[in-house]
Amino acid sequence: MSRIGKLPINLPSNITLTVGEDNLVTVAGPKGTLSTPVNKDIIVKQEDNQIVVERPTEQKRHKAMHGLYRSLINNMVIGVSEGYKEQLELVGVGYKATVQGSVLELALGYSHNIFMTMPTEVTASAVTEKGKAPVITLESNDKQLLGQVAAKIRSLRKVEPYKGKGIRFVGEVVRRKAGKTASK
């Protein structure tokens, strides 16, 4: 039995879950509504204040989908009740970030600034404190979309291993390399 798949999902009182036709699972809560299609073989049942995901057989394919769909539904429940937050810091001289509406403007040492339009589900804010690296905070109820947007921003200037300059997640540990040593 899948260790993750067999765990029930606790459903808070302010969250509603519906399983529509074609096995479309929709979760609604105070932070919005999310939905995902579930494979027709996987069974999603609501028992009291818990959601149980079951599989029909012990096939390898069904075992893989069992844990997957349980995790996806759990992420949706957490997203519409609490939401998700991701923080990125810009380490480097002259690196700046500003947010105007839904547009994120980044100065990352290239000849021109980079403008990124945020999806409507993701809200961005940028904080620059004196003496500290600028921090971009992304918030959303969709975990997958939030991770994708954060990865896209991070890919604009990857952390280099010698000086540690670039965009990194807050708290991320970067392995540093020793530079050249002068020979005598």
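The values are calculated or read from the model by the stated rules, or taken from the named source; none is laboratory data. Remember, it's a predicted structure, so these values are computed and weren't measured experimentally. FYI the Cβ positions are ideal-geometry reconstructions off the backbone, even for glycines, and counts take in every protein chain you see. Calculation scope for accessible area: heavy atoms of the full protein, side chains included, ligands and nucleic acids excluded. Shrake-Rupley method; radii C 1.70, N 1.55, O 1.52, S 1.80 Å.
Tabulated results
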quantity	calculated
Size of electric dipole in segment 26-91: Cβ of Lys, Arg +1 and of Asp, Glu -1, about Cα centre, debye, nearest 20	300
Nearest-10 value in Å² for the accessible area of Arg61, using the 1.4 Å probe	120
Accessible area of Lys143 in the full protein assembly, 1.4 Å probe (Å², nearest 10)	100
1.4 Å probe accessible area per residue over the chain, in Å²	63
Selection from Thr123, Pro161, Leu68, by position along the positive dipole direction of segment 51-165 (Cβ)	Pro161
Range of Cα positions in segment 1-128 per principal axis (Å), largest first	57, 33, 24
Portion, in percent, of the accessible area of the chain that falls on carbon or sulfur, probe 1.4 Å	51
Cβ charges +1 (Lys, Arg) and -1 (Asp, Glu), total dipole of the chain, debye	1460
Accessible-area order (highest first, 1.4 angstrom probe) of the listed residues Glu86, Glu105, Glu58	Glu58, Glu86, Glu105
Helix 143-155 vs. the chain, principal-axis angle (Cα, 0 to 90°, nearest 10)	20
Candidate residues Thr16, Thr117, Thr137: accessible-area rank, largest first, probe 1.4 Å	Thr117, Thr16, Thr137
Solvent-accessible surface (1.4 angstrom probe) belonging to Asp41, in square angstrom, nearest 10	40
Cα-centre dipole for segment 57-153 with unit charges at Cβ (Lys and Arg positive, Asp and Glu negative), debye to 20	340
Rounded to 10°, Cα long-axis angle of helix 60-81 versus longest principal axis of the chain	70
Cβ-based charge dipole, the chain, positive-most Cα from Asn23, Ile114, Val77	Ile114
Which of Phe169, Phe115 is most accessible, then next, and so on - probe 1.4 Å	Phe115, Phe169
